[in-house]
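Undergrad: My questions will all concern the structure given below.
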Amino acid sequence: MKLYGKYIAMLFKSQMQYRASFWLLTLGQFLVPFSVFAGLYFLFERFGQIRGWEFQEVALCFSIIHMSYALSECFARGFDSFSTLVGNGDFDRVLVRPRSTVLQVLGSKFEFSRVGKLAQSLFVLGWAISQLVMDWSMLKVLVLLFMIVSGVCIFTGIFILAATMCFWTVQGLEIANIFTDGGREMAQYPLNIYQKWVVRFFTFIIPFGCVNYLPLLYLLGKSTGNDLPYMLAPLAGIAFLVPCLLMWSHGVRHYRSTGS
């Protein structure tokens, strides 16, 4: 973790060499997601509710998934741009260093301007909580934080899987965007508004439903029966990282240099 901290400090200093550019990018990252949130607002302004979900409830769901995505984009950007390392042959240098390849790729790139997206998500989260009539407790706060961490793990896992494919394809596959950008857009709504096959896929294969839907039912007092499964559902997001890291290890073992 000490080495990881040094990676963060070094890249932060390098990006702050162009402060005007950094703050303009951050401002853009803050403002652009509001257009998505505005679309959400106008949708509910027109229809009132969707399958029993009010605008404030969906705004809470929206903020959690967008916050998770912003944090993952910031700290797991090295995997998202991994094809450049492979294509340029720079991954060969990573392999000869006496440190984990996962740590080195994570530390190869950080997008600190994503703090703009994070700030926007925090703004929406604060507004949604202020509008909802909820009995907050320390346990519910912990579940909320657990949901965000779990979402970060899922998006990071998808980035790792997309990076792993580069060991065989060299270039990144655009199909991964279906599960990152597409997953974010889908998961900003409660999962039960979709068809059953979508619900099953995004619960048992890529467990977004365990981040944005099941624990959300607990937070809003809509769960039925025992609350414990709803509270522990985000564990599935953290567990999702395990097969992703195993696939990464398999890809590293079969890596062949591009010769660049």
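Undergrad: Might you let me know whether region 218-240 holds any residue that is open to solvent by 40 Å² or more (accessible area, probe 1.4 Å), touching a residue at least 24 places away in the same chain (Cβ under 8 Å) and either charged (D, E, K, R) or in contact with a helix residue (DSSP H, G or I) (Cβ under 6 Å, 6 or more places away or on another chain) (or both)?
TA: Yes.
Undergrad: Among the residues in region 100-109, are any outside any helix (DSSP H, G or I), more than 16 Å from residue 159 (Cα to Cα), over 17 Å from the mean Cα position of the chain (by Cα) and free of Cβ contacts under 8 Å to residues at least 40 places away in the same chain?
TA: Going residue by residue through region 100-109, those that are outside any helix (DSSP H, G or I) are 100, 107-109.
Checking which are more than 16 Å from residue 159 (Cα to Cα) leaves us with 100.
Now restrict to residues that are over 17 Å from the mean Cα position of the chain (by Cα): 100.
From what's left, free of Cβ contacts under 8 Å to residues at least 40 places away in the same chain: 100.
Yes, region 100-109 contains at least one residue that is outside any helix (DSSP H, G or I), more than 16 Å from residue 159 (Cα to Cα), over 17 Å from the mean Cα position of the chain (by Cα) and free of Cβ contacts under 8 Å to residues at least 40 places away in the same chain.
Undergrad: Then there's this: Considering (1) closer than 18 Å to residue 161 by Cβ; (2) surrounded by fewer than 19 Cβ atoms within 10 Å (Cβ to Cβ), say which one residue 99 fails and leave the rest.
TA: (1)
Undergrad: State which residue pairs qualify: first residue modelled with pLDDT under 75 and inside region 163-182, second residue assigned to a loop (DSSP other than H, G, I, E, B) in any location, beta carbons under 9 Å apart, and separation of 6 or more residues or different chains.
TA: The qualifying pairs are 170/258; 172/81.
Undergrad: Right, here's the next one. Quick check on my filter: what residues within region 151-205 are of a type in the set (Phe, Trp, Tyr) and under 19 Å from residue 248 (Cα atoms)?
TA: So in region 151-205, the residues of a type in the set (Phe, Trp, Tyr) come out as 155, 159, 167-168, 179, 189, 194, 197, 201-202, 204.
Selection gives 155, 159, 167, 168, 179.
Undergrad: Still on this structure: Check 146, 167, 155, 179 and return the single one that is among the aromatic types (Phe, Trp, Tyr), open to solvent by less than 40 Å² (accessible area, probe 1.4 Å) and within 17 Å of the chain's Cα centre (by Cα). It would help to see each step written out before you state the result.
TA: Details: 146 fails: open to solvent by less than 40 Å² (accessible area, probe 1.4 Å); 167 fails: within 17 Å of the chain's Cα centre (by Cα); 179 fails: open to solvent by less than 40 Å² (accessible area, probe 1.4 Å).
None of the others qualify; the one that does is 155.
Undergrad: Name, by its number, the condition in (1) under 29 Å from residue 111 (Cβ atoms); (2) out of contact with any Asp or Glu (no Cβ under 9 Å at 6 or more places or on another chain); (3) in contact (Cβ under 8 Å) with a residue 24 or more places away in the chain; (4) open to solvent by 20 Å² or more (accessible area, probe 1.4 Å) that does not hold for residue 257.
TA: Against the list (1) under 29 Å from residue 111 (Cβ atoms); (2) out of contact with any Asp or Glu (no Cβ under 9 Å at 6 or more places or on another chain); (3) in contact (Cβ under 8 Å) with a residue 24 or more places away in the chain; (4) open to solvent by 20 Å² or more (accessible area, probe 1.4 Å), residue 257 comes up short only on (2).
Undergrad: Evaluate the following for residue 246: is it without any contact (Cβ under 8 Å) to a residue 12 or more places away in the chain and either under 17 Å from the mean Cα position of the chain (by Cα) or over 21 Å from residue 179 (Cα atoms) (or both)? Let's see the steps before the verdict.
TA: Values: without any contact (Cβ under 8 Å) to a residue 12 or more places away in the chain: yes; either under 17 Å from the mean Cα position of the chain (by Cα) or over 21 Å from residue 179 (Cα atoms) (or both): no.
When the stated conditions are applied, residue 246 does not pass them.
Undergrad: Now for a different question. If you go through region 241-254 one residue at a time, how many are surrounded by 15 or more Cβ atoms within 10 Å (Cβ to Cβ) and at pLDDT below 90?
TA: Qualifying residue count for the region: 2.
Undergrad: List pairs: first residue in region 66-93 and part of a loop (DSSP other than H, G, I, E, B), second residue modelled with pLDDT of 80 or more anywhere in the structure, Cβ distance under 6 angstrom, at least six positions apart or on different chains.
TA: So the pair list comes out as 76/156; 76/159.
Undergrad: May I pose another question? Identify, from the list 42, 34, the residue that is assigned to a helix (DSSP H, G or I), hydrophobic (A, V, I, L, M, F, W, C), modelled with pLDDT under 80 and under 30 Å from residue 194 (Cα atoms).
TA: The match here is 34.
The values are calculated or read from the model by the stated rules, or taken from the named source; none is laboratory data. Please read these numbers as outputs of a predicted model, since none were measured by experiment. For neighbour counting, all protein chains shown are included, and Cβ atoms are generated from backbone atoms with ideal geometry for every residue, glycine included. When the accessible area is computed, the model is the full protein with side chains, heavy atoms only, and any ligands, DNA or RNA have been set aside. Shrake-Rupley method; radii C 1.70, N 1.55, O 1.52, S 1.80 Å.
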